[in-house]
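None of the figures in this text is laboratory data; all of them are computed from the coordinates on show. What you see is a predicted model; the values in this text were computed from it and never measured. So basically every Cβ, Gly included, is an ideal-geometry build from the backbone, and we count neighbours across all protein chains shown.
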């Protein structure tokens with residue numbers, strides 16, 4: 001059994017409250033997801049995030065094939081972190097931690113994604129050339145989109 005991890009970090013020139021307000025609203029996930037993914041919330045995204053919230057989506061991760069995806073928000077510690085876990089969908093395991101930390105002049109966001117693919121040897125064979133590549137592409141899009149929305153974080157010199 002192989003569990004993969006992906007970690008990303010991004011600094012934004014906004015307060016931790018602004019970051020929390022944006023990321024805790026499920027509707028904003030569509031804004032920071034590439035259009036070709038065909039991402040649509042079909043249920044459960046009509047309230048700000050809370051532990052136990054079930055959110056249903058349709059996504060088209062590969063070749064435009066519609067896939068149903070159901071996640072649960074399992075942990076919420078406002079405004080510092082939350083966790084979403086896949087309940088039904090394309091992965092055998094999807095555990096996504098979102099952390100927010102105040103820094104001088106902004107907020108540092110950290111995503112830690114642990115995931116496992118189905119189909120044993122076949123899943124492992126397609127991991128790097130297909131799945132990992134796609135996940136890195138999605139997070140790169142997200143990073144770029146957040147820069148467009150909030151602007152670039154500038155390190156302050158001492």
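Points worth noting:
- Cα gyration tensor, region 115-158 - rounded (a/c under 1.5), prolate or oblate: prolate
- Nearest-ten-degree value, helix 133-150 long axis tilted from longest Cα axis of the chain: 30
- For the pair residue 103 and residue 51, the difference between a 0.36 nm per residue extended length and the Cα-Cα distance amounts to 16.1 nm.
- Helix-only mean residue ellipticity at 222 nm for the chain, each DSSP H run of n ≥ 4 adding -39500 (n - 2.57), per residue, nearest 500: -6500 deg cm²/dmol
- For the chain, the convex hull drawn through the C-alpha positions has a volume of 116 cubic angstrom per residue.
- q = 0.16 Å⁻¹, region 15-68: log10 I(q)/I(0) [Debye, one scatterer per Cα]: -0.52
- Listing 152, 35 from fewest to most neighbouring C-beta atoms within 10 Å gives 35, 152.
- The ranking of 22, 88 by Cβ neighbour count inside 10 Å, starting from the fewest, reads 88, 22.
- 10 Å-binned pair-distance histogram of region 82-158 (Cα, whole percent): 15, 38, 29, 14, 4, 0
- For region 63-93 and region 104-158, distance of Cα centres in Å: 15
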